[in-house]
Every structure is written in C-alpha cells, then in structure tokens.
Amino acid sequence: KAGVTQTPRYLIKTRGQQVTLSCSPISGHRSVSWYQQTPGQGLQFLFEYFSETQRNKGNFPGRFSGRQFSNSRSEMNVSTLELGDSALYLCASREGPTNEKLFFGSGTQLSVL
Amino acid sequence: KNEVEQSPQNLTAQEGEFITINCSYSVGISALHWLQQHPGGGIVSLFMLSSGKKKHGRLIATINIQEKHSSLHITASHPRDSAVYICGSGTSGSRLTFGEGTQLTVNP
C-alpha cells in the first residue's frame, strides 16, 4: 500500500498570499488530520476530518481551513499568509475516527517571506 | 487545558544502554501516542495506547492512567535510535496535545 502522500514538498510564498496543501491518505483510511510543526511551538493540532466532515478543530485562526473529498483526500488552505505561518505542515491518516495509530506523510515545508 | 510535559529534553547514551523517556499530562485522555521523528521531518507512530503496556521489538511503552504518566523505554539502544521522540495525548479522535520532544543521541 502506498503511504500518506503530501504535495507539494516545499513551498515558498509571500505575506498576504494564500496557499493550498494536499494530502492523499492511505487507501481505505477515511480519517485525515493536519498538524503544524514549528521550532518555537512544536507540533500543534490543526483539524481532523472523517467522511468529509470536520470532527475536531484546533486553536488556530479562521485563516486556516480545510476540507475532505469523497475519496478521502484532504486539502488545507491558509489565507492571508503571515511570516509566522512558516512551518512544516503534516497530515496523518487512519482507518477510522476512533483511537488507532496515525500514519504520517512527509509534510509540506512552507516558507513565508 | 491539557498540558503535556516530556523529560528529559535531551538525552545522550552509549550504544547498548537502556533508555527511558517520560511523559506527563494534565487531563484525562482517551489515548497516548508515542512518535519518532528523524532529521528531515518524517514522523513515525511507534505506539498508541490507552492502558497498560505495549512492546514492539526493543521498544516498550507503558501508561499509568491514574498517575497521568507514560514512559517509553528502549532496550539495547543503537545509534539508529537517534531521533526526536514526541508524546501526544489525545482527548478526542486525532486532536492531540504534544510534548516538546526528547532529542535522543546514541553514540557507538
């Protein structure tokens, strides 16, 4: 089985722009979650989707949004980028919404200039 | 608010040593995750546990629900175990609160 695929791997944007990141989960996995990792704040939970519905949302401003499609692929969008949004964005998938191990993608490294 | 604390922040060991990394959390949780992150960013989930103890190869994870504490043990450590180890406590689904991580270096 292919692992969790995130695209693009690297991205450079300027302040004020918007960005869309993509995550394709492992085949058969219907739960996708997103995380932000920065040197200062560490790993932080962004949101979780299961069967196209947002189940949980972390403490991030409304500029951060996401969605999940019927094939379980997920996208997250960040509008009006700020310098502090520079981070590694990771997505993880698992079969269902209950407690199971998470499978992480390699992440998208976003740099905001 | 769930707070997660890991100790130690940094750990250097000699090959073959027994290693313990600790994780404490402040609120009742549904599950505790141990993750491993190598340079370059890739994260691997080592364990997800909600009670008791789990073992995989040289790695053992334990959790004490009453004391709100979990430990990750590595027996017969090896240089390839060098990585950052992160614990994450979950209160609902994939909504995890993470510790700052423990940087482990195992010297040959």
message: Looking at region A:79-98, I want the residues that are under 16 Å from A:Thr20 (Cβ atoms) and have a partner that is open to solvent by 30 Å² or more (accessible area, probe 1.4 Å) and β-branched (Val, Ile, Thr) with Cβ atoms under 9 Å, at least 6 apart or on another chain. Which pairs are those?
response: A:Leu81/A:Thr14
- prompt: Which of the residues belonging to region A:59-106 are assigned to a loop (DSSP other than H, G, I, E, B) and touching a Phe, Trp or Tyr at 6+ places or on another chain (Cβ under 6 Å)?
  reply: A:Pro97
message: On the basis of being more than 13 Å from the chain's Cα centre (by Cα) and either at negative phi or within 11 Å of chain B (Cβ to nearest Cβ) (or both), does A:Leu83 make the cut?
response: yes
query: What about A:Ser27, is it buried (at least 17 other Cβ atoms within 10 Å of the Cβ), touching a residue at least 24 places away in the same chain (Cβ under 8 Å) and part of a loop (DSSP other than H, G, I, E, B)?
result: no
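Results for (1) within 14 Å of chain B (Cβ to nearest Cβ); (2) within 24 Å of B:Gln36 (Cα to Cα); (3) in contact with a Leu (Cβ under 7 Å, 6 or more places away or on another chain), shown as yes or no for each residue.
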site	(1), (2), (3)
A:Arg9	yes, yes, no
A:Arg15	no, no, yes
A:Ile26	yes, yes, no
A:Gly40	yes, yes, no
A:Leu43	yes, yes, no
A:Thr53	yes, no, no
A:Asn56	yes, yes, no
A:Arg63	no, no, no
A:Lys101	yes, yes, no
- prompt: For region B:61-69, does any single residue satisfy the condition of being of a type outside the set (A, V, I, L, M), more than 24 Å from A:Leu46 (Cα to Cα) and surrounded by 20 or more Cβ atoms within 10 Å (Cβ to Cβ)?
  reply: no
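If I filter region B:1-48 down to residues being among the hydrophobic types (A, V, I, L, M, F, W, C) and surrounded by fewer than 17 Cβ atoms within 10 Å (Cβ to Cβ), which single residue comes out as modelled with the lowest pLDDT?
Just the residues of region B:1-48 that are among the hydrophobic types (A, V, I, L, M, F, W, C), to begin with: B:4, B:11, B:13, B:18-19, B:21, B:23, B:27, B:29, B:31-32, B:34-35, B:43-44, B:46-48.
In the following step, the residues that additionally are surrounded by fewer than 17 Cβ atoms within 10 Å (Cβ to Cβ) were identified as B:18, B:27, B:44.
On the way: B:Phe18: 98, B:Val27: 83, B:Val44: 95.
Result: B:Val27.
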message: Whether any residue in region A:37-58 is under 21 Å from B:Gly42 (Cβ atoms), in contact (Cβ under 8 Å) with a residue 60 or more places away in the chain, open to solvent by less than 50 Å² (accessible area, probe 1.4 Å) and not in a loop (DSSP other than H, G, I, E, B) is what I want to check.
response: yes
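The values are calculated or read from the model by the stated rules, or taken from the named source; none is laboratory data. No experiment lies behind these values; they were computed from the predicted model shown. Counting neighbours? That spans all protein chains shown, and the Cβs are built from the backbone with ideal geometry, glycine included. Surface areas here come from the heavy atoms of the whole protein model, side chains and all, with no ligands, DNA or RNA. Shrake-Rupley method; radii C 1.70, N 1.55, O 1.52, S 1.80 Å.
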